[in-house]
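Okay, so here's the structure we're looking at.
The values are calculated or read from the model by the stated rules, or taken from the named source; none is laboratory data. The model shown is predicted, which means the values in this text are computed figures rather than measured ones. Cβ sites come from the backbone with ideal geometry, for glycine too, and all protein chains shown count toward neighbours. Accessible surface areas use protein heavy atoms only, side chains included; no ligands, DNA or RNA. Shrake-Rupley method; radii C 1.70, N 1.55, O 1.52, S 1.80 Å.
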Amino acid sequence: MVSPEASHFQSSPMAKYTGARTRPVICFNDVVLFLGGAFMSLILVWSFFSFSNSPNLTFSPDKTDASTKCTRGIDMRYDPTDPVFYDDPDLSYTIEKPVKNWDEKRKRWLELHPSFIPGSENRTVMITGSQSGPCKNPIGDHLLLRFFKNKVDYCRIHGHDIFYSNALLHPKMKSFWAKLPAVKAAMIAHPEAEWIWWVDSDALFTDMDFTPPFHRYRDHNLVVHGWPGVVYDERSWTALNAGVFLIRNCQWSMELIDTWTSMGPVSPDFAKWGEIQRSIFKDKLFPESDDQTALIYLLFKHKEVYYPKIYLEGEYYFEGYWLEIVPGLANITERYLEMEREDATLRRRHAEKVSERYAAFREERFLRGESGGKGSKRRPFVTHFTGCQPCSGDHNTMYNGDTCWNGMIKAINFADNQVMRRYGFVHSDLGKTSPLQPVPFDYPDEPW
């Protein structure tokens with residue numbers, strides 16, 4: 001199309017000279033207008049074609065392509081109607097009824113939910129819990145809340161799911177036995193998880209950066225803090241601690257829980273099992289069968305069956321006795337501050353979501369080769385207040401209650417400093433929970 005201005009110039013005699021002089025401009029404008037119109041037409045046609053052939057933007061779980069689910073991350077709205085173990089009316093979450101062929105059932109579920117496959121190798125769900133009623137100890141509920149907050153903080157930082165149980169899943173499985181029904185139920189509820197991580201209510205993470213060396217456990221199905229020599233040579237009921245453990249979500253573990261449970265309160269031979277345990281492990285303090293001694297018994301009596309698959313972790317504080325740890329927390333704090341004074345990278349303020357990057361830097365720069373046990377420069381990973389009984393207050397008579405409660409506050413604040421530092425505050429005194437102190441810009445190089 002020719003513009004009105006061009007038509008006028010071409011038809012007017014008086015415009016002959018002017019028209020000749022300006023013709024290149026007129027032609028250039030014609031070309032631009034023509035190309036612009038053609039381009040816009042092409043865009044409209046292409047847009048119509050693209051929308052008519054693009055995926056449905058209303059996400060339907062049954063219509064979403066499997067490869068798309070993987071590339072977009074975990075799809076928690078996709079659950080196909082293909083039958084899986086959940087559709088079996090004979091499947092039971094309870095400890096009374098064994099689960100069979102769990103590896104095959106879990107594998108099929110993952111195949112039908114492919115978005116969960118990436119990252120599943122060491123995906124972990126943490127389980128913890130406490131009593132169903134209020135604590136007898138006046139500060140017990142407060143302490144348990146802070147212990148739970150500590151676990152939530154750790155899971156948030158490292159991307160783990162967490163489940164808290166404050167009710168018995170079996171009326172007879174009380175006290176320390178209550179963990180086994182919860183762990184089995186969690187294994188069934190989380191087929192996407194490779195590991196279930198049980199952590200007692202009175203245990204807390206005192207190194208919020210550290211992660212277990214899962215590569216070390218690739219050939220094992222259960223990880224507990226313990227020592228083979230104490231199991232087989234000393235025959236002690238403290239050869240391991242069953243208050244913190246990693247258990248693989250597999251058929252072997254399902255069968256272990258069945259066997260483990262058979263020595264618990266649901267067994268008609270419960271009293272007999274207590275006698276058997278005390279006959280072998282002479283230092284056992286009480287007559288009833290308990291979960292910890294039961295596990296040691298399996299290792300001791302059936303070594304060829306269980307020892308190859310149970311990793312007794314003694315190289316770092318997978319869980320550590322609090323009386324060994326709490327007195328040295330101030331010195332540990334100073335060692336870590338000295339690392340930050342030495343390297344400005346660790347002093348840099350950063351988002352909590354990228355905390356693992358700075359943890360890896362500290363590991364490489366200062367902590368390589370440090371085991372993390374007693375006397376190590378590394379923070380203790382988990383501090384376990386065994387014998388303190390924060391809820392009931394019925395602590396071990398070898399130490400008084402104030403020692404327990406004050407130690408808990410110090411350890412909780414020590415761990416909380418590692419979290420709150422990323423929010424710009426710290427506890428300047430580990431013995432005081434509140435108020436917190438704002439952190440100077442270049443702390444600790446810049447003083448308070």
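Tabulated data for the structure shown
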quantity: Single residue of the range 322-377 satisfying the filter (at positive phi and surrounded by fewer than 16 Cβ atoms within 10 Å (Cβ to Cβ)) that is modelled with the highest pLDDT; calculated: 369
quantity: Helices (runs of 4 or more DSSP H) lying entirely in the range 241-313 (those with 3 or more residues that are under 25 Å from residue 188 (Cα atoms) and under 27 Å from the mean Cα position of the chain (by Cα)); calculated: 251-261, 291-301
quantity: Members of the range 94-127 found to be open to solvent by 50 Å² or more (accessible area, probe 1.4 Å) and not in a loop (DSSP other than H, G, I, E, B), listed by number; calculated: 103, 104, 105, 107, 108, 111, 121, 122
quantity: The range 215-235 - residue that is without any contact (Cβ under 8 Å) to a residue 60 or more places away in the chain and of a type outside the set (Asp, Glu) and, of those, surrounded by the most Cβ atoms within 10 Å (Cβ to Cβ); calculated: 230
quantity: Residue match in the range 406-426 (condition: open to solvent by 50 Å² or more (accessible area, probe 1.4 Å) and not in a helix (DSSP H, G or I)); calculated: yes
quantity: In the range 288-313, the residues that are open to solvent by 60 Å² or more (accessible area, probe 1.4 Å), among the acidic types (Asp, Glu) and more than 23 Å from residue 96 (Cα to Cα); calculated: 304
quantity: Of residues in the range 168-214 being within 14 Å of residue 248 (Cβ to Cβ) and of a type outside the set (A, V, I, L, M, F, W, C), the one surrounded by the most Cβ atoms within 10 Å (Cβ to Cβ); calculated: 184
quantity: The lone exception for residue 64 - which of (1) within 25 Å of the chain's Cα centre (by Cα); (2) surrounded by 14 or more Cβ atoms within 10 Å (Cβ to Cβ); (3) modelled with pLDDT under 95 it fails; calculated: (1)
quantity: Test: residue in the range 309-319 that is free of Cβ contacts under 8 Å to residues at least 40 places away in the same chain and either more than 30 Å from residue 173 (Cα to Cα) or hydrophobic (A, V, I, L, M, F, W, C) (or both); calculated: no
quantity: Enumeration of residues in the range 351-376 that are out of contact with any Phe, Trp or Tyr (no Cβ under 6 Å at 6 or more places or on another chain), of a type in the set (Ser, Thr, Tyr) and part of a loop (DSSP other than H, G, I, E, B); calculated: 376
quantity: Scope the range 259-287; condition within 20 Å of residue 97 (Cα to Cα) and either hydrophobic (A, V, I, L, M, F, W, C) or at pLDDT below 95 (or both); matching residues; calculated: 260, 263, 266, 270
quantity: Answer residue from the range 128-161, given it is part of a strand (DSSP E or B) and under 25 Å from residue 387 (Cβ atoms) and is modelled with the highest pLDDT among those; calculated: 128
quantity: Meets criteria (within 19 Å of residue 176 (Cα to Cα), exposed (fewer than 15 other Cβ atoms within 10 Å of the Cβ) and not assigned by the TED database to the domain that holds residue 377) for residue 285; calculated: yes
